[in-house]
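The values are calculated or read from the model by the stated rules, or taken from the named source; none is laboratory data. Keep in mind that this is a model prediction, so the values were computed, not measured. Note that we place each Cβ from the backbone using ideal geometry, even for glycine, and neighbour counts take in every protein chain shown. To get the accessible areas, we keep the full protein, side chains included, count just its heavy atoms, and leave off ligands, DNA and RNA. Shrake-Rupley method; radii C 1.70, N 1.55, O 1.52, S 1.80 Å.
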Amino acid sequence: MKQLGFDLIILGSPASGKDTHADLLMNYYALKPVKSGEYLRRLRTNPRYKKVFAQTYDRGLPAPSKIIDDFIKKSVSQAPKGKNLLFVGTPRLLNEAKLLKKLLDIKKRDFFAIYLKIPDKIVMHRSFHRDREKKDMDVAYIKSRINYHKKQVQQTVNYFKKFHKLAYVDANQSIVKVARAISHTIHAYQRSKAN
């Protein structure tokens, strides 16, 4: 498998295909996945966190930053040598992005973020059809997630853009075309590092 040469962050609108494209990238590059969605879904089954998730995550709001911060710290501290990290859906909030950048800077690990962008009406359509969880059929929940992304995640996007560490990819096309666009974006960043 090829070395990517930097840690990669895949962000995006809800239902934009983050997990799908992360899996495709892992077939090509030597990457260790860091998937906050999977982590949070596992954590939700722990009775200790039931109330916290009922008030936040289950309503389409972000999980408490303390939980995500611990997840980010653990992921970076346990990063294997010879493999780059692939963050999927994390960091979302600005303070999480700042923490991740600080930790990666300390470890002298370069990174780049790709944001998969799709229109709101496609978010609604895809959410109804992915049938992952019952709440994916809840219009109020989906709208809450969309609004959260517009207000909160945009701050993270702007933060990474400030360092020239983020590019958008149009995810409202076939999986093959999105994968190709991601590949072009990665190669463009690799070339910019080489110059």
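As a summary of the residue check, V52 satisfies the conditions (1) open to solvent by 10 Å² or more (accessible area, probe 1.4 Å); (2) β-branched (V, I, T); (3) at pLDDT 95 or above except for the one numbered (3). Residue check: is A113 open to solvent by less than 30 Å² (accessible area, probe 1.4 Å), touching a strand residue (DSSP E or B) at 6+ places or on another chain (Cβ under 7 Å), of a type outside the set (D, E) and part of a loop (DSSP other than H, G, I, E, B)? No; evaluated as a whole, the condition is false for this residue.
For A79, the conditions (1) within 23 Å of L116 (Cα to Cα); (2) at pLDDT 90 or above all hold with the exception of (1). Note on the stretch 136-195: enclosed helices (runs of 4 or more DSSP H) holding 1 or more residues that are open to solvent by less than 70 Å² (accessible area, probe 1.4 Å), modelled with pLDDT under 95 and over 24 Å from E96 (Cα atoms) are 139-148, 175-194. The set of residues from the stretch 93-108 being in contact (Cβ under 8 Å) with a residue 12 or more places away in the chain and open to solvent by 50 Å² or more (accessible area, probe 1.4 Å) comprises N95, K98, K107. Looking across the stretch 16-49, the residues that are of a type outside the set (K, R), modelled with pLDDT under 85 and closer than 30 Å to P119 by Cβ come down to S36, G37, E38, Y39, L40.
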